[in-house]
Amino acid sequence: MYRIVRKTNLAPTITRFEIDAPFIAKKRKAGNFVMIRVENGGERIPLTIADGDPGKGTITLIVQAIGKTTKLLCSRNEGDDILDVVGPLGNPTPIERIGNVVCVGGGVGTAELYPIARALRDAGNTVTSIVGARSRDLVILEDDMKAISHTTYVTTDDGSYGRKGFVTDQLREILDSGTVVNAVFAIGPLPMMKAVADLTRSYNVHTLVSLNTIMVDGTGMCGGCRVSVGGEMKFACVDGPEFDGHKVDFTELMMRNRTYVEMERIADERHRCKLAGMTQESVR
């Protein structure tokens, strides 16, 4: 069992958890993830480790409640236990001093980007960060990103905060400004990462993306996280989760990720019905 020691709401559907996991806190590096199972009979899902404190023995996970399991997790409170937290898994981000880097986060992907941007800054790079979200209430970790970046931009799709438009609009402006960009790190929804990779390809700027695909065990045994990279089959859990964005077949990956959409909808609906029944029972 892994105890939730702190829970903080960052946005209407986004929650930050600090979880007691001493071994993982000691071993994790930027880019690593964990596989969690909230309760017996539940599914396993991958979550990137957003931060960790070896002294306290805790890791930080930032979760968006969008499906049955993430909603179940976000319903847990401080003092509650999570059944399984396995990790650290995946390959850490290759961190080295390369010069000027741009870190692009979309939605909850900013949480996954944060430890990478911090590690790049600590390695001596000049870090420019772009934090994107659909609207102001979904912008997360803006102050945290500003603290570890030399320059930070915020964009919202609806223009309710920061620059109106997509993260690619701000990135294009940076690339067109004449500033030398040595690498781009992008994490967010698959369409966003594809758009970033398509943009940077035309500028010949190396781009790393983090692929949060469907995973069952996170150790390369199930094959559920297959991705095509440079014409070769890779497993996101053991070969990634980060890959050269210019080589990822995003079209195939997005189709694969839609395989279980209907099953996920049914599971989420049953979960909501179960919660509604429990609420009605408590009222009686």
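The values are calculated or read from the model by the stated rules, or taken from the named source; none is laboratory data. Remember, predicted model here, so these are calculated numbers, not experimental data. As a convention, Cβ positions derive from the backbone with ideal geometry for all residues, glycine included, and neighbour counts pool all protein chains shown. Accessible surface is based on the protein model in full, side chains and every heavy atom, while ligands, DNA and RNA are left aside. Shrake-Rupley method; radii C 1.70, N 1.55, O 1.52, S 1.80 Å.
Laid out as a table, the results:
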| item | result |
| --- | --- |
| Test: residue 118 is within 23 Å of residue 240 (Cβ to Cβ) and either open to solvent by 10 Å² or more (accessible area, probe 1.4 Å) or in contact with a Leu (Cβ under 8 Å, 6 or more places away or on another chain) (or both) | yes |
| Complete set of residues in segment 114-141 that are farther than 22 Å from residue 179 by Cβ and part of a strand (DSSP E or B) | 133 |
| Given (1) within 16 Å of residue 34 (Cβ to Cβ); (2) open to solvent by less than 20 Å² (accessible area, probe 1.4 Å); (3) under 16 Å from the mean Cα position of the chain (by Cα), index of the condition residue 88 fails | (2) |
| Residue in segment 56-66 that is open to solvent by 60 Å² or more (accessible area, probe 1.4 Å) and modelled with pLDDT of 90 or more present | yes |
| Filter result for the condition that a residue is touching a Pro at 6+ places or on another chain (Cβ under 7 Å) and open to solvent by 20 Å² or more (accessible area, probe 1.4 Å), over 144, 137 | 137 |
| Candidates 161, 153 - the one that is open to solvent by 10 Å² or more (accessible area, probe 1.4 Å), in a loop (DSSP other than H, G, I, E, B) and of a type in the set (Phe, Trp, Tyr) | 161 |
| Residue match in segment 73-91 (condition: in contact with a Pro (Cβ under 7 Å, 6 or more places away or on another chain), of a type outside the set (S, T, N, Q), closer than 23 Å to residue 239 by Cα and in contact (Cβ under 8 Å) with a residue 60 or more places away in the chain) | yes |
| Considering residues of segment 183-206 that are under 18 Å from residue 165 (Cβ atoms), among the aliphatic types (A, V, I, L, M) and within 14 Å of the chain's Cα centre (by Cα) only, the residue surrounded by the most Cβ atoms within 10 Å (Cβ to Cβ) | 186 |
